[in-house]
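*Asks:* A single structure is presented below for examination.
The values are calculated or read from the model by the stated rules, or taken from the named source; none is laboratory data. All of these numbers come straight from a predicted model, not from anything done at the bench. We place every Cβ from the backbone using ideal geometry, glycine too, and count neighbours over all the protein chains shown. Accessible surface areas use protein heavy atoms only, side chains included; no ligands, DNA or RNA. Shrake-Rupley method; radii C 1.70, N 1.55, O 1.52, S 1.80 Å.
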Amino acid sequence: GEVDDSDTDEHDMEVKWQGYFHQIFGFEKLDLVSWDRLVRLLCRPSDPASLGTLRFAFGFLMTLDILQERGLAAADSWWGSDDECRFPLFNFL
């Protein structure tokens, strides 16, 4: 029998794609097919420094968002009167 070259080429491309996927993301596509494999993937040991970096960057971006996009940079000129309390913690204030 003859061997179909297109089948071997497709298989080689799939193996190469699996290698690229693993290099980029650090896990196999098969880890996403079942719940057990996904849980094992999410519970594997990893370096927590990336989580700290992500949290720091998110907090910094939220600080910029509050000051620039939400208008809180001008809050003291809008609500900055020393004689009245616009946002009381207790109603009797």
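*Asks:* Is there a quick way to get the dipole size of the chain? I mean about its Cα centre, with the Cβ of Lys and Arg at +1 and of Asp and Glu at -1; what is the value in debye to the nearest 20? Before the final figure, lay out the partial values.
*Replies:* Working: 8 positive and 18 negative charges, 162 e Å.
In total the dipole reaches around 780 debye.
*Asks:* Same structure again: State the label only: which of (i) 57, 17, 12; (ii) 21, 17, 10; (iii) 30, 18, 8 corresponds to semi-axes √(5λ) of the Cα gyration tensor in Å computed from the shown model?
*Replies:* The calculated read-out lines up with (i).
*Asks:* Could you look at the chain and say what percent of its accessible area is carbon and sulfur, using a 1.4 Å probe and all protein chains? Write down the numbers at each step before the final one.
*Replies:* Working: 5320 of 8820 Å².
So the carbon and sulfur contribution to the accessible surface is 60 percent.
*Asks:* Same structure, new question: Based on DSSP loop calls and a cut-off of at most 11 other Cβ atoms within 10 Å, the longest stretch of the chain free of exposed trypsin sites (Lys or Arg not before Pro) is what? Let's see the in-between values first.
*Replies:* Working: sites that count: R70, R86.
Longest run free of exposed loop sites: 1-69.
*Asks:* Moving on to the next point. Using +1 at the Cβ of each Lys and Arg and -1 at the Cβ of each Asp and Glu in the chain, identify which of Q23, L89, V39 lies farthest towards the dipole's positive end.
*Replies:* Value: L89.
*Asks:* Taking the Cβ-Cβ separation of S46 and W79 as r and a Förster radius of 35 Å, what is the calculated FRET efficiency to the nearest 0.05?
*Replies:* Values: r = 44 Å, r/R0 = 1.27.
Between S46 and W79 the formula returns 0.20.
*Asks:* Give me a comma-separated list of calculated 3J(HN,Hα) values for the stretch 79-84, in order, Karplus coefficients 6.51, -1.76, 1.60 applied at θ = phi - 60°, integers in Hz, x for any Gly or Pro.
*Replies:* Here the 3J(HN,Hα) series is 10, x, 5, 6, 8, 9 Hz.
*Asks:* Out of D82, D65, D31, any idea which swings most in a Gaussian network model of the chain, alpha carbons joined below 10 Å?
*Replies:* Evaluated over the chain, the most mobile residue of the options is D82.
*Asks:* Across the stretch 54-66, in residue order, what do the Karplus-derived ³J(HN,Hα) couplings come to in whole Hz, using 6.51 cos²θ - 1.76 cosθ + 1.60 with θ = phi - 60° and x for Gly and Pro?
*Replies:* 4, 5, 5, 5, 5, x, 5, 5, 5, 5, 4, 5, 5
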